[in-house]
Amino acid sequence: MEMVKVTVDGQTVEVPKGSTILAAAKKAGIKIPTLCHHEDLNVNAMCRICVVEVVGARTLQAACSQPVSDGMVIITNSPAVRQARKMNLELLLSNHPQDCLNCVRNQRCELQTLADQLGVQQQRFGTKTRPEYPKDDSAAALVRDPDKCILCRRCVEVCHDVQSVGAIAPANRGIKTQILPAGGVDLNNVACVQCGQCTLVCPVGALYEQDHTERVWAALADPEKHVVVQTAPAIRVSIGEEFGMEPGQVTTGQLVAALRRLGFDRVFDTDFTADLTIIEEGHELIDRLNNGGVLPMITSCSPGWIKFIEHFYPEYLDHLSTCKSPQQMFGALAKTYYAEKAGLDPKDIYVVSIMPCTAKKFECGRPEMSSTGYPDVDAVLTTRELGKMLRQAGIVFSELPEEQYDEPFGITTGAGVIFGASGGVMEAALRTVYEVVTNETLPSVDFTAVRGIEGIKEAEVDLKGTKVKVAVANGLGNARKLMDLIKEGKADYQFIEIMCCPGGCIGGGGQPIPTTNEIRKKRIEAIYEADADLPLRKSHENPAVKTLYEEFLDKPLGEKSHQLLHTHYTKRNKYPQKSVG
Amino acid sequence: MAKANCPLPTSNLSEILDKYKQSPGSLLEILREAQAINGYLSREVLQLIAEELGIPESKVYGVATFYSLFKTTPTGQYIIRICESAPCHIRGAQDVLATIEKTLGIKPGETTPDGKFSLEFTSCLGLCGVAPAMMINDQVFGNLTGDRVREIINSF
Ligand code: SF4
Ligand code: SF4
Ligand code: SF4
Ligand code: FES
């Protein structure tokens, strides 16, 4: 790598050629303020908060986009720089509602932080006092508040380049510019998959999840309701970040204790139904392999992915496993098997999920997700919303003791835990399918080829003579690549795992902000750490799952399973309001 | 010619799309020619263009709303364009605008309910000598006053 030498505020540093001024300054220990820049996304250079002086240059330069050249002398902290940054910010603020006290991002907002950091103390250029654009709360999972938008375009980058959905883009011009769904319609009327990746990158309160905390507080306060909660695999490695912990800590025990203190009657683990998913889906795969079923079979646990394939590849829905996601399987069993066992009327059971995902809010409202006559799941809280509720309740997370999940949905295996990371469902399925098909114990349970944050991963497994070729994709841009291979008849896989969000659920749209690829990697490490720590690593060894089949379900893919644990999909249009394409 | 009510001109549009198939980066030309068919770019037209070019509709919509040349809502039979540059402004374009708004009951960017007139701003028409000026379709009118504007509109 060719290196160049630059001077930042008097310090000389060596950086690879082509580095930005921002990166060079970082190396010199200086954090230049930024707003529109995001470390995982393309550079837009819209806000000019990051300006610096470059000796010899006529104007101030945007540090996030300007590459360094050999011998460049950079000044990041001169009166001219400070004044320009502050002025640019003040101009932004002049068109921004000063609504921090009522704002979902209060104290967690990059714009607010910058105002403090750059010393803004008055509204020299006035401020936006009246709302100009209505809020758009049409989507089941998301809210857009265009008045708060500072037009940084990070959401557009993530929606187009990472997710290949392209639901929103800049429209109109000048002072009227807005980030809009096509046609200027509501988000629910375009093919947005509600993945919430845009909410992770939005620096302000312009994009966020639909609030479910109020209905959960209400249920918790209702003496008639028996409120049970399930925690997705990815929460245990991220919730600590809501309380200032370093990314990558496993806090399963504290999470359970925190939920008990919030007042939930039973604290269960979605990992249990992740194990169950593996049994059902594994048998579905074996059945398809043996009986000429549609292949490759594709996993179905990620609701953003499901909505994506329904909109963009509706003719390939029969590739999807018919298994409901673990969240929905859990809800269906909570209102049947558990209700029976606990002697409760299903109408009195209120099921809350803690999910790393915004699309789960959409999923729980799908009309087919109420196999008992009641919705399988009543409310979905994102990791962020749980953090908010715990803060409201004054629960000091870091000081909680470690507690255990309740029976019967509290016994889980490592296979269930790794559902939280890209490749995890595949690995869990292989651990089970291998042993079911070959009747032999796996020499090693670790299928490392499918692990990690890489966009598309492949592996081949020898099931005693039958070779099974598998692929794993995370992020919908990568899912699209695999779907196009299938479309062209070039995919020779038998089984594909697809997760909507980059890195899998640990990188989900409901996870703590910030969620960057660096942080995703740390959460992934934590997931495999949690897996390795568990005595049971394979779904089919989960004793509670065995009991469930003995007492209730009878057998995998049996009648009860079909009724409660499997589902069907809906063909949707790429242009939901019109019938073109 | 009642432009707003034409059916979806799929055949013409596909000719346009075919013509530009081989030359990427022709979105602006395609939009311009597509708009000529109906006088504006409907959602359907934008979707067909997006589909053919393999880009999201949101991007096509973004481009179509960025340039004032493009319309995404139907325009009237007659488009009144008021010059908003400085010379016309100084010589009373505001009064002309107010008169039109009052006479027709529409604001810039809107169309009368009967589909007859649309009102828009335009940049300098090069008629500064006879400011304030306006155009109705391709006819130009200068030295405007409130009374004269009313007269002109009534003559259409
Ligand atoms: S987006 Fe940030 S700056 Fe704006 S009102 Fe909300 S918290 Fe305040
Ligand atoms: S939720 Fe996902 S698909 Fe919808 S706008 Fe945001 S990034 Fe795009
Ligand atoms: S919605 Fe948020 S991420 Fe998108 S442009 Fe506006 S401020 Fe930026
Ligand atoms: S952070 Fe550099 S221009 Fe916005």
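The values are calculated or read from the model by the stated rules, or taken from the named source; none is laboratory data. Nothing here was measured: the structure is a model prediction, and the numbers come from that model. Backbone-built Cβ (ideal geometry, glycine too); neighbour counts: all protein chains shown.
Computed values, structure above
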item	result
A:Ala63 small (Gly, Ala, Ser), away from ligand 3 (no atom under 16 Å from the Cβ), at pLDDT 95 or above and within 32 Å of the chain's Cα centre (by Cα)	yes
Pairs with Cβ under 7 Å, 6+ apart, first in the stretch B:43-59 and more than 7 Å from chain A (Cβ to nearest Cβ), second part of a helix (DSSP H, G or I) and surrounded by fewer than 18 Cβ atoms within 10 Å (Cβ to Cβ)	B:Leu53/B:Leu27
Hits in the stretch B:97-156 (condition: within 19 Å of the chain's Cα centre (by Cα) and among the polar types (S, T, N, Q))	B:Thr111, B:Thr112, B:Ser118, B:Thr122, B:Ser123, B:Asn137, B:Gln139
Residue within the stretch A:174-188 that is within 16 Å of ligand 4 (Cβ to nearest atom) and touching a residue at least 12 places away in the same chain (Cβ under 8 Å) present	yes
Residue, nearest to A:Phe495 (Cα to Cα), within the stretch A:426-448, restricted to residues that are part of a helix (DSSP H, G or I) and among the aliphatic types (A, V, I, L, M)	A:Met426
Single residue of A:Val425, A:Val436 found to be of a type outside the set (D, E, K, R) and touching an Asp or Glu at 6+ places or on another chain (Cβ under 8 Å)	A:Val425
Verdict on A:Gly196 being farther than 30 Å from A:Pro356 by Cα and among the small types (Gly, Ala, Ser)	no
Which numbered condition A:Val52 misses (of (1) in contact (Cβ under 8 Å) with a residue 40 or more places away in the chain; (2) more than 7 Å from ligand 4 (Cβ to nearest atom))	(1)
Of all residues making up the stretch A:444-486, the number that are over 26 Å from A:Leu41 (Cα atoms) and either under 19 Å from the mean Cα position of the chain (by Cα) or of a type outside the set (A, V, I, L, M, F, W, C) (or both)	10
Filter result for A:Val55 (surrounded by fewer than 16 Cβ atoms within 10 Å (Cβ to Cβ) and modelled with pLDDT of 95 or more)	yes
Sole exception among (1) within 15 Å of ligand 3 (Cβ to nearest atom); (2) in contact with a strand residue (DSSP E or B) (Cβ under 6 Å, 6 or more places away or on another chain) for A:Leu200, by number	(2)
Conditions (1) surrounded by fewer than 24 Cβ atoms within 10 Å (Cβ to Cβ); (2) in a helix (DSSP H, G or I); (3) in contact (Cβ under 8 Å) with a residue 60 or more places away in the chain; number of the one not met by A:Phe308	(1)
Per-region count, the stretch A:130-188, residues β-branched (Val, Ile, Thr), within 14 Å of another protein chain (Cβ to nearest Cβ) and within 16 Å of ligand 1 (Cβ to nearest atom)	1
Restricting the stretch A:31-45 to residues that are free of Cβ contacts under 8 Å to residues at least 60 places away in the same chain and surrounded by fewer than 19 Cβ atoms within 10 Å (Cβ to Cβ), the residue that is farthest from ligand 2 (Cβ to nearest atom)	A:Lys31
Residue among A:Glu110, A:Glu132 that is more than 30 Å from A:Val380 (Cα to Cα) and of a type outside the set (Gly, Ala, Ser)	A:Glu132
